[in-house]
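Worksheet for the structure shown next.
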Amino acid sequence: MYRNFLKYKSALLLFALVFFRTSVQAQVKDSVPQNKAYVDNVRFGISYHTVLHDFQQLWGSPEAKDSASILYANKIFQGMKFDRIELDFQYVDSTSYFNQARFYRICSSKVQAVRQMKILAGRLSKIYPVSYDEEDGGTPFYKGGCAPVGLDDLFTVFVAPRKGRWTCQLRYGAFHYGDAGVLE
């Protein structure tokens, strides 16, 4: 009877170890996709040339570009038309990292900008956890997701005047990549 107990205990222990190992491997394997630190399936932290190629496949040729920034105009993202989209890069030595994306939607008034912001936050909340907060003057803003590096939020959705007009803005980053970099 004692031998049967030991066999049962050994089998149970072996099963627990296999189950635990499988669970850990699944978590490690899926940890990057669950982070969801992407803009239209283009991951933050990748190189300028990869980002340029990937966005050209999605949105066509940019309006303008230089080594630090890529500019698009009048593109649809999350079902909403944005008047201006800026994709920015950080350089560590000679290596580039996609570290920021800014989306601007021009609105006729602050009220319309707030309405557009709430719609966009609602759409993003279907993908990411999103939290609500208010600025000192009572203007709402939203933030959410998990940054690809550090402990910050992935994005902020807010309203602000820009060049004399109200805008609904979606800002991812800026994320700061260190010397160790990020795997592509």
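Could you grab me the full set of residues in region 152-167 that are in contact (Cβ under 8 Å) with a residue 60 or more places away in the chain and either of a type in the set (Phe, Trp, Tyr) or out of contact with any Lys or Arg (no Cβ under 7 Å at 6 or more places or on another chain) (or both)?
Filtering region 152-167 down to residues in contact (Cβ under 8 Å) with a residue 60 or more places away in the chain leaves 154, 166-167.
154, 166 - these are the residues of region 152-167 that are in contact (Cβ under 8 Å) with a residue 60 or more places away in the chain and either of a type in the set (Phe, Trp, Tyr) or out of contact with any Lys or Arg (no Cβ under 7 Å at 6 or more places or on another chain) (or both).
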Notebook entry, point to check: Which number in (1) modelled with pLDDT of 95 or more; (2) in contact with a Lys or Arg (Cβ under 8 Å, 6 or more places away or on another chain) marks the one condition that residue 148 misses?
Noted result: (1)
Checklist line | Residue tally, condition in contact with a Phe, Trp or Tyr (Cβ under 7 Å, 6 or more places away or on another chain), surrounded by 14 or more Cβ atoms within 10 Å (Cβ to Cβ) and farther than 21 Å from residue 127 by Cβ, over region 38-68 | finding: 2
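Within the bounds of region 88-95, is there any residue that is under 27 Å from residue 163 (Cβ atoms), touching a His at 6+ places or on another chain (Cβ under 8 Å) and either open to solvent by less than 60 Å² (accessible area, probe 1.4 Å) or part of a loop (DSSP other than H, G, I, E, B) (or both)?
Initial filter on region 88-95 (under 27 Å from residue 163 (Cβ atoms)): 88-90.
With the extra rule that they be touching a His at 6+ places or on another chain (Cβ under 8 Å), the set shrinks to 90.
Remaining after also requiring either open to solvent by less than 60 Å² (accessible area, probe 1.4 Å) or part of a loop (DSSP other than H, G, I, E, B) (or both): 90.
Yes.
So for region 103-122 (the condition being in a loop (DSSP other than H, G, I, E, B), of a type in the set (A, V, I, L, M, F, W, C) and either out of contact with any helix residue (DSSP H, G or I) (no Cβ under 6 Å at 6 or more places or on another chain) or modelled with pLDDT under 95 (or both)), does at least one residue qualify?
no
Being touching a Gly at 6+ places or on another chain (Cβ under 8 Å) and among the aliphatic types (A, V, I, L, M): is that true of residue 147 here? Give the derivation first.
On the way: touching a Gly at 6+ places or on another chain (Cβ under 8 Å): yes; among the aliphatic types (A, V, I, L, M): yes.
Yes; evaluated as a whole, the condition is true for this residue.
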Check: List, please: which pairs have Cβ atoms under 7 Å, are six or more places apart or on different chains, and start with a residue in region 46-68 that is within 19 Å of residue 93 (Cβ to Cβ) and end with one that is among the aromatic types (Phe, Trp, Tyr) and open to solvent by less than 50 Å² (accessible area, probe 1.4 Å)?
Finding: 46/98; 48/89; 51/98; 67/48; 68/89
Checklist line | residue 83, sole failed condition from (1) in contact with a strand residue (DSSP E or B) (Cβ under 7 Å, 6 or more places away or on another chain); (2) modelled with pLDDT of 95 or more; (3) more than 24 Å from residue 48 (Cα to Cα) | finding: (3)
Checklist line | Sole exception among (1) touching an Asp or Glu at 6+ places or on another chain (Cβ under 9 Å); (2) over 30 Å from residue 131 (Cβ atoms); (3) in contact (Cβ under 8 Å) with a residue 40 or more places away in the chain for residue 100, by number | finding: (2)
Check: Taking region 96-123 on its own, how many of its residues are over 30 Å from residue 52 (Cα atoms) and open to solvent by less than 60 Å² (accessible area, probe 1.4 Å)?
Finding: 3
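The values are calculated or read from the model by the stated rules, or taken from the named source; none is laboratory data. In this text, all values refer to a predicted model and were calculated from it rather than measured experimentally. Using ideal geometry, Cβ is built from the backbone for each residue, glycine included, and neighbour counts are taken over all protein chains shown. Side chains included, ligands, DNA and RNA excluded: accessible areas come from the protein's heavy atoms. Shrake-Rupley method; radii C 1.70, N 1.55, O 1.52, S 1.80 Å.
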